[in-house]
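Quick notes on the structure that follows.
The values are calculated or read from the model by the stated rules, or taken from the named source; none is laboratory data. Computed from a predicted structure; not experimentally measured. All Cβ positions, even for glycine, are placed from backbone atoms using ideal geometry, and neighbour counts span all protein chains on display.
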Amino acid sequence: MYTAPFCGLTLLAGAGRVMTPRPATEQLVERALGVIGDRSARVADVGTGSGAIAVALAVGAPNAEIWATDTSAAAVALAFENVKRFGLEGRVHIVECDLLGPVPGTFDLVLANLPYLPAREAGAHPELAGEPLAALYSRGDGLGPLRRLFAQAHERLRPGGSVLYQYRGEVHEARRDELALLQSPEWRDVAARS
């Protein structure tokens, strides 16, 4: 285990087992902090990995309650260690599950940095060598996890809520009323306009 910088914090990281937090993902946290501000908010961080997004958001938004999920047992264990490292156990809840799974209640904001690269592109990204394949690549066009999240989030977002997601290094926002369109193959067109 080693440490990695993220949003001015020093987090525990697990090379090869859990995706290393990257500077490009810091913009997802910055955008979320802009949406939440100082208000009380209930947030989901889907595909939390090391817990970097959840921890940075909790530090920057002291009135937010965050539910962080991941399907990887190694990621859940590491995220829990990072939550403990910053004393955030009362506001950041880590759950091993798929997407929003059994997490209770509704949300003001859902954050996601999910796999979106087609598995057939694995050899085209040498800069990602050593990272866990499941954190980066998905079958078909690679967008299945995002489409499934959009379907779940439509039912779980509060009125006025939105999903912030990272796609090809950029952060996009989808309001609750846009999520039905984003489940279709044309979702990239909407992403390009946000």
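Pairing residues of the stretch 122-141 that are without any contact (Cβ under 8 Å) to a residue 60 or more places away in the chain and among the β-branched types (V, I, T) with residues that are part of a loop (DSSP other than H, G, I, E, B) and surrounded by 12 or more Cβ atoms within 10 Å (Cβ to Cβ), at Cβ distances under 8 Å and at least 6 apart in sequence or on separate chains, gives no pairs at all. Filtering G142, G101, G105 for residues that are modelled with pLDDT under 90 and out of contact with any Lys or Arg (no Cβ under 6 Å at 6 or more places or on another chain) leaves a single hit, G142. Scanning the stretch 6-63 for residues that are among the basic types (K, R), over 19 Å from V95 (Cα atoms) and either outside any helix (DSSP H, G or I) or modelled with pLDDT under 95 (or both) gives R22, R39. Screening the stretch 91-129 for residues that are under 22 Å from V35 (Cβ atoms) and small (G, A, S) and picking the one that is farthest from the chain's Cα centre (by Cα) gives G105. Taking the criterion of being within 14 Å of L99 (Cα to Cα) and either touching a Pro at 6+ places or on another chain (Cβ under 7 Å) or buried (at least 24 other Cβ atoms within 10 Å of the Cβ) (or both), the residues of the stretch 68-88 that qualify are A68, T69, D70, A75. If only residues of the stretch 181-190 that are under 13 Å from L149 (Cβ atoms) and in a helix (DSSP H, G or I) are counted, the one that is modelled with the highest pLDDT is L182. Taken together, the residues in the stretch 39-60 that are of a type in the set (A, V, I, L, M) and within 21 Å of R156 (Cα to Cα) amount to 8.
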